[in-house]
Amino acid sequence: MKHASAKSLDGLESLLKAMRAAGLLNEKSRGIFYLASKAFLHFHEDPSGMYADLKVGAAFRRFRVETKADQKALLQALRKQL
C-alpha cells in the first residue's frame, strides 16, 4: 500500500484541517503527522480506497477514511490518543 498522493489528499482536506486544529501534532509533510518526535499518523491509498494509520499504543492501527462516518471514527480515535 503506497502513501497517499497529493491528489488523494486533496479529497481529505477537511479531515486534514481538523487534524491540524487538534493541536499537539507536527505535520512534517502534507498528511504525515508526528507527535513530539515520533511518527503518529499518515495516509495510504490502494485500489480499495483511502486509509489512515494512527499510532495506538505501541502499534499503528489502520482506519478506512472513505466516508464522513469513517473520518469521524478516525478523529475520535485521534482525540483519544492525544
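The values are calculated or read from the model by the stated rules, or taken from the named source; none is laboratory data. Note that this is a predicted model, so its numbers are computed, not measured. All Cβ positions, even for glycine, are placed from backbone atoms using ideal geometry, and neighbour counts span all protein chains on display.
So here's what we get for this one:
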{"read-out": "Selection from the range 18-37 of residues that are in contact with a strand residue (DSSP E or B) (Cβ under 7 Å, 6 or more places away or on another chain) and either under 13 Å from Phe63 (Cβ atoms) or of a type in the set (Lys, Arg) (or both)", "value": "Met19, Arg20, Lys28"}
{"read-out": "Residue pairs meeting the criteria (Cβ under 9 Å; at least 6 apart or on separate chains; first of a type in the set (Lys, Arg), in the range 38-54; second modelled with pLDDT of 95 or more and assigned to a strand (DSSP E or B))", "value": "Lys38/Lys55"}
{"read-out": "Residue satisfying all of: in the range 1-17; under 16 Å from Phe63 (Cα atoms) and among the hydrophobic types (A, V, I, L, M, F, W, C); surrounded by the fewest Cβ atoms within 10 Å (Cβ to Cβ) among these", "value": "Met1"}
{"read-out": "Hey, Gly23 in contact with a helix residue (DSSP H, G or I) (Cβ under 6 Å, 6 or more places away or on another chain) and free of Cβ contacts under 8 Å to residues at least 60 places away in the same chain or not", "value": "no"}
{"read-out": "So Ser48, is it loosely packed, with under 13 Cβ neighbours inside 10 Å, more than 13 Å from Leu78 (Cβ to Cβ) and in contact with a strand residue (DSSP E or B) (Cβ under 7 Å, 6 or more places away or on another chain)", "value": "no"}
{"read-out": "Given (1) assigned to a strand (DSSP E or B); (2) touching a residue at least 24 places away in the same chain (Cβ under 8 Å), index of the condition Ser8 fails", "value": "(1)"}
{"read-out": "Residue match in the range 61-76 (condition: in a strand (DSSP E or B) and over 10 Å from the mean Cα position of the chain (by Cα))", "value": "yes"}
